[in-house]
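What follows draws every value from the coordinates through simple rules; no lab data is involved. All of these numbers come straight from a predicted model, not from anything done at the bench. Cβ sites come from the backbone with ideal geometry, for glycine too, and all protein chains shown count toward neighbours.
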Amino acid sequence: MKKRIMWLCFAITAVALIVFSVISTDVYYRNSIAHAETYLRAYMNAFDETRTLDAAYAEELSEKLDGARVTFLTPDGGFIADSEDADDASRAMRPEVREAIETGEGFDARSSATMDENFAYYCRRYETCLVRIAVRTDSVWGIYVDSLPAVACFLAADALVCLLITYLTAGFMLKPMEDLVRSAAKGERVEPACGELEPVAELINRMNAEAENRVLESKAEREQVVRAQQSKDEFIANVTHEMNTPLTSIRGFAELLASGALDGERARKASATILAQSERLQNLVASIINYSEIDSDDLPLYEVDASRIARETLAALSPEIAERKIVLLSEICDGVMLMSRYERVTEIFGNIIRNAIRYNREGGSISVLLTREEFTVSDTGIGIAKEDLGRIFDRFFTVDKSHNGKNGGFGLGLSVVKKLCGKQNWQLTVESEPGKGSTFRIGFLPAEEKNNHKI
């Protein structure tokens, strides 16, 4: 980078120096020609019209004028005499002569056609003749060639100065950029030291943020590939147990019936067991299918009487509540209408209340609250460990790890609740403490109007 800066500085200053020298040469040439014209006009005052116009007088006048070239011509431009050139060809077509014939005087600067040298010519018309005086001058190119050694010296000095300035200032100039690079390499937010670097800093910060987001997304995906594997393993263990137990019973009793080892009352009980276990298998398959169909449920919404659904759900579950000797406390406001679907609200209310029954202690209590703002179910059951709070809504996850069917269920109920609440944009939260119970709350209002933590 320092070499690039040095070469760039040198190139800029070198081009500027060369352009300046060319322009200066042209200005100098024009000024010298202008001064030459002034001198020649003054020289012309030394001409004496009474003298004989011959080569001797031309040479005499030339010496008097510091060696200026003197030419005498006829009024029409014909040759009479010249202090340096004996060519007697007419000069009538020379620019300064032609102009003098037409206007009385003329001036021109050019290379002499007869002497191959550069002259500045001044010609004046008198009554009996034309007098032309000329002094030698340099051409523009000649002046520039003469200045080349000086230009070369300036270029060499320019290179040294550029090298020195680059060495002294490059570090200072590049330090802000180096600081940006170091901060970017550490993943820190970049603050530009000067305004010119703000676009670069913004780009680096945006790239760092995108990279960090990609890392977080990748980490979240891996944590999800792990949770999914855990859910899959638990599902396999759960379903294997849930299916294996009824299948074993069905197969065992079917074999006994087929062999004729059972008759009468024993055969009837065996048939009843086969039917009960078949129904359990059917419920398991139905639960899995129901969960899978939620994503494709895009049917239109309508007003649902949530108060009636809550009361119907409690009435349907009252035998289980009574069997577990659980005390039910309910406060259901009238006229709670929700924009949803009957089957969705029924599924949500039923799953949450059933969980409160299944995981409650015998003789415990359940509190059910329904208002226009929320649906809340609290129980005095086994509670949920802190490390499991983030997983209870995962598919096939169950708090009861025994697989002995004590609490029933396949670990899909709360997952279905979470999915349905998500489709409704309802806020689902849970608070729990092991051994003291749990509280599930569904907020029907928008998230910004709630002060709960969304799971």
Within-14-Å neighbourhood charge of Y126 [Cβ basis; K, R +1; D, E -1]: -1
Sort W141, W7 so the one with the fewest other Cβ atoms within 10 Å of its own Cβ comes first. W141, W7
In nm, to one decimal, how far is the modelled label at N45 from the one at R251, with both set 7 Å along Cα→Cβ? 13.9 nm
For T74, distant residues with modelled amide H under 5 Å away: F79, I80, L130
Violating pairs (Cα-Cα greater than 28 angstrom) within the set K219/K418; K219/K423; K219/K419; K325/K419: K325/K419
Neighbour net charge for G252 - beta-carbon separation under 14 angstrom, K R +1, D E -1: +2
Exposure-ranked with fewest Cβ neighbours within 10 Å first, M337, M115 stand as M337, M115
Using the Cβ atoms and a cut-off under 12 Å, what net charge is assigned to the surroundings of K64, where Lys and Arg are +1 and Asp and Glu are -1? -4
Got a sec? How would C129, C421 order by Cβ neighbour count within 10 Å, fewest to most? C129, C421
FRET efficiency, 1/(1 + (r/R0)^6) with R0 51 Å, evaluated for E312 and E265 via beta carbons: 0.85
